[in-house]
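Student: A single structure is presented below for examination.
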Amino acid sequence: MRAQSSDLDRARAELADAELAYEKSLILYPGCGSLTDDFERAVQNQAKKLNVSDFTLTPRPGSEPVPASPFRIERMQLRGLGEFGDVESLLHRISVLRHSRVLDFETLHLRAESGRNVSLDGTLAMVCWDRNSNFLEAVMPRGGAPAEMELAMYRSRSQQLRAANTAAKQLEERIQPRRLVDALLALADVWGRSAVGLTDLRYTASALTLQGIVLGISAKAAVEGSLRKPRFQLTRLDWSPTGDCHSFTAVARLTASAGNADEALPMNMFIERDTKLCNSPSTPAASVAKRGSGPLTLHLRNVDVSTVFLALNDLSPADGFILEPDVSGRVNVDFDGVTVDEAFAALSAAGVAFATPGPLHRICRTACDEPTVKPQQHKGEPVTFSIAEGDVIDVLRVFEEVSGFAVHAPRDLKGTFSVYVAEAPWDAVFEGILSAFDRTYTIDGANVYIGDRAAAVPLEKHVSVISGPRSLVEHDPTKIAAADFRLAGIGGTNGTWKAYGRLLGSSKLVFVADPEMSLLDASVSAVAADRVTLRTSGGRDVVVALR
């Protein structure tokens with residue numbers, strides 16, 4: 001059967017369409033061997049802007065063909081070091097380059113390092129067009145009339161091009177770098193807000209292996225719940241006790257991305273591994289006991305010294321406390337029917353802490369020196385603070401907002417301290433804080449100058465304190481389950497009792513557990529002189545006795 005001219009015309013048109021479609025599909029596929037120059041430069045610039053240090057992007061030798069296509073896969077090794085947020089942002093910006101070329105994260109290893117840093121080590125797979133591929137090599141049919149051979153050649157060529165175009169589209173659909181980036185962002189959003197600490201993350205497309213540690217039932221549920229979201233297919237989750245915590249290993253397969261979100265600043269879900277992280281404090285506690293003639297009773301067990309003054313302020317709000325930076329140590333307290341002054345006398349006799357006269361007391365490690373700021377009448381608006389180990393510059397920023405004054409401080413004013421006051425004049429608290437840091441101040445119009453006026457600079461010029469490694473602490477009592485409740489102490493006045501619960505993961509931070517206070521799965525139903533009774537959501541009573 002001889003080829004008709006209409007068949008040839010139709011075959012030529014189909015071939016032209018197939019060639020055009022194939023040429024369009026190659027927009028995302030640069031020629032092999034020409035991938036690195038502009039791409040390397042763009043990624044290096046992003047790493048520099050994001051403070052990812054020691055960053056390298058190195059082409060790996062060799063490549064491999066993509067079966068049944070004219071494409072090959074070339075690879076590049078990427079390495080660096082930085083905070084998790086910066087590293088994740090770099091991965092996000094690399095993934096955005098997917099709009100101009102087909103690439104994906106083939107492997108990735110993030111590991112917690114010292115401080116806030118994680119190390120980055122991964123392989124980037126990039127698809128290129130192989131100019132030397134024989135996939136589209138023309139095959140001239142043999143035999144038959146010239147018109148028939150020409151028609152067969154057109155049809156064969158169109159079929160080859162359509163197959164190549166299909167392969168290009170399938171690669172575009174399969175290779176999705178945002179799948180990994182969005183998964184990390186989703187995990188960080190949950191884990192970074194919980195008492196979850198990740199220490200190691202390994203990815204080999206599309207399997208994700210995670211190792212970390214959690215503190216408390218709520219954090220454990222956060223890990224299990226987040227890995228059962230649609231973008232994850234959880235295949236394994238192992239738990240093992242680690243001191244007061246639980247370590248875990250999770251293996252999940254990433255499914256299709258649940259939608260590309262805009263770039264966001266991720267929470268840090270990594271935590272520096274520390275063998276002391278989930279163990280009880282080993283420092284021996286000093287014991288202080290006093291039976292007196294007042295209304296206050298307080299029993300605390302193995303708490304930081306600052307907790308004593310948090311509780312005293314809670315029980316006697318008229319007395320405020322500003323602790324100097326060097327006041328530290330652990331203590332067991334047994335005060336039975338004491339006055340605040342009797343409590344001070346017992347603490348100083350034991351060498352734990354010393355107090356100045358009140359009602360706003362400065363607390364010192366040894367006998368307090370005379371205040372550097374002379375006492376005066378205070379008329380400032382009342383403020384209430386309950387801060388353990390707050391940064392002095394950050395606290396002064398609060399006073400700047402409260403007072404309306406522009407505060408200027410010397411650059412060498414640094415350190416942390418604790419303050420517990422209730423409805424005290426702000427200017428009295430301000431003076432007490434400066435005395436705790438052995439500083440004076442002057443007022444000139446709307447400006448307050450701390451120390452030497454020439455050396456003082458506005459607070460806005462002080463660099464915010466960069467916190468150290470992320471701590472594994474559950475700060476929210478409503479996320480503490482009955483099984484995780486730790487009793488730090490009980491206090492009261494005239495037989496009315498209050499309990500002080502220890503925040504999970506902290507040897508210093510406590511919260512007031514009043515009756516009817518809600519926890520994760522229980523509420524405080526009763527507080528007695530030596531115990532707390534929790535009522536679970538299932539109606540069961542859990543008694544936590546003071547040791």
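Student: Say we look at the stretch 52-69 and pick out the residues that are buried (at least 20 other Cβ atoms within 10 Å of the Cβ) and outside any strand (DSSP E or B); which of these is modelled with the highest pLDDT?
Tutor: Among those residues, the one meeting the criterion is 52.
Student: Further question on the same structure: What number of residues within the stretch 403-415 satisfy the criterion of being at pLDDT 90 or above and of a type in the set (S, T, N, Q)?
Tutor: Qualifying residue count, the stretch 403-415: 0.
Student: In the stretch 1-19, what count of residues is obtained for those that are aliphatic (A, V, I, L, M) and closer than 20 Å to residue 137 by Cβ?
Tutor: 4
Student: In the stretch 327-352, how many are over 15 Å from residue 310 (Cα atoms), hydroxyl-bearing (Ser, Thr, Tyr) and touching a residue at least 24 places away in the same chain (Cβ under 8 Å)?
Tutor: Total meeting the criteria: 1.
Student: Test residue 250 against the stated conditions and say whether it is modelled with pLDDT under 95, within 21 Å of the chain's Cα centre (by Cα) and over 20 Å from residue 480 (Cα atoms).
Tutor: no
Student: Also: Please determine whether any residue of the stretch 414-435 is under 28 Å from the mean Cα position of the chain (by Cα) and assigned to a loop (DSSP other than H, G, I, E, B).
Tutor: Yes: the stretch 414-435 contains one or more residues that are under 28 Å from the mean Cα position of the chain (by Cα) and assigned to a loop (DSSP other than H, G, I, E, B).
Student: Can you tell me how many residues in the stretch 210-219 are under 17 Å from residue 186 (Cα atoms), touching a residue at least 40 places away in the same chain (Cβ under 8 Å) and not in a helix (DSSP H, G or I)?
Tutor: Summing the residues that are under 17 Å from residue 186 (Cα atoms), touching a residue at least 40 places away in the same chain (Cβ under 8 Å) and not in a helix (DSSP H, G or I) in the stretch 210-219 gives 2.
Student: Can you give me the number of residues within the stretch 399-424 that are surrounded by fewer than 18 Cβ atoms within 10 Å (Cβ to Cβ), under 23 Å from residue 311 (Cβ atoms) and not polar (S, T, N, Q)?
Tutor: 2
Student: Report whether or not residue 442 is among the β-branched types (Val, Ile, Thr), in contact with a Cys (Cβ under 6 Å, 6 or more places away or on another chain) and without any contact (Cβ under 8 Å) to a residue 60 or more places away in the chain.
Tutor: In short, no.
Student: Give the number of residues within the stretch 78-88 that are outside any helix (DSSP H, G or I) and farther than 28 Å from residue 25 by Cβ.
Tutor: 5
Student: How about the stretch 191-219: which of its residues are polar (S, T, N, Q) and surrounded by 23 or more Cβ atoms within 10 Å (Cβ to Cβ)?
Tutor: Correct list: 194 only.
Student: Output the residue which, of all residues in the stretch 317-333 that are among the hydrophobic types (A, V, I, L, M, F, W, C) and not in a strand (DSSP E or B), is farthest from residue 293 (Cα to Cα).
Tutor: 327
Student: Hey, can you tell me all the residues within the stretch 445-478 that are β-branched (Val, Ile, Thr), over 30 Å from residue 215 (Cβ atoms) and in contact (Cβ under 8 Å) with a residue 12 or more places away in the chain?
Tutor: Answer for the stretch 445-478, where residues must be β-branched (Val, Ile, Thr), over 30 Å from residue 215 (Cβ atoms) and in contact (Cβ under 8 Å) with a residue 12 or more places away in the chain: 448, 450, 457.
Student: Just one of 188, 222, 163, 168 is assigned to a helix (DSSP H, G or I), surrounded by fewer than 21 Cβ atoms within 10 Å (Cβ to Cβ) and in contact (Cβ under 8 Å) with a residue 60 or more places away in the chain; which is it?
Tutor: Within the list 188, 222, 163, 168, the selection yields 163.
Student: Further question: Which one is farthest from residue 434 (Cα to Cα) among residues in the stretch 285-322 that are of a type in the set (D, E, K, R) and either out of contact with any strand residue (DSSP E or B) (no Cβ under 7 Å at 6 or more places or on another chain) or surrounded by fewer than 24 Cβ atoms within 10 Å (Cβ to Cβ) (or both)?
Tutor: The extreme case among them is 291.
Student: So, one more: Would you check if residue 72 is more than 25 Å from residue 270 (Cα to Cα), part of a strand (DSSP E or B) and touching a Ser or Thr at 6+ places or on another chain (Cβ under 6 Å)?
Tutor: Yes, satisfied.
Student: Which residues, counting only those in the stretch 89-148, are part of a loop (DSSP other than H, G, I, E, B), within 23 Å of residue 210 (Cβ to Cβ) and either in contact with a Lys or Arg (Cβ under 6 Å, 6 or more places away or on another chain) or of a type outside the set (Ser, Thr, Tyr) (or both)?
Tutor: Passing the criteria: 113, 115, 116.
Okay, residues lined up against (1) in contact with a Lys or Arg (Cβ under 7 Å, 6 or more places away or on another chain); (2) over 27 Å from residue 444 (Cβ atoms); (3) outside any loop (DSSP other than H, G, I, E, B); (4) modelled with pLDDT of 95 or more:
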site: 335; (1), (2), (3), (4): yes, yes, yes, yes
site: 343; (1), (2), (3), (4): yes, yes, yes, yes
site: 363; (1), (2), (3), (4): no, yes, yes, yes
site: 368; (1), (2), (3), (4): yes, yes, no, no
site: 374; (1), (2), (3), (4): no, no, no, no
site: 385; (1), (2), (3), (4): no, no, yes, no
site: 394; (1), (2), (3), (4): no, no, yes, no
site: 397; (1), (2), (3), (4): no, no, yes, no
site: 401; (1), (2), (3), (4): no, no, yes, no
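Student: Additional query: Any residue in the stretch 356-378 that is without any contact (Cβ under 8 Å) to a residue 60 or more places away in the chain, hydroxyl-bearing (Ser, Thr, Tyr) and either crowded, with 17+ Cβ neighbours inside 10 Å or in contact with a Ser or Thr (Cβ under 7 Å, 6 or more places away or on another chain) (or both)?
Tutor: The answer is yes; a qualifying residue exists.
The values are calculated or read from the model by the stated rules, or taken from the named source; none is laboratory data. It should be emphasised that the depicted structure is a prediction, and the values quoted were computed from it without experimental measurement. Cβ coordinates were reconstructed from backbone atoms using ideal geometry, including for glycine residues, and neighbour counts include every protein chain displayed.
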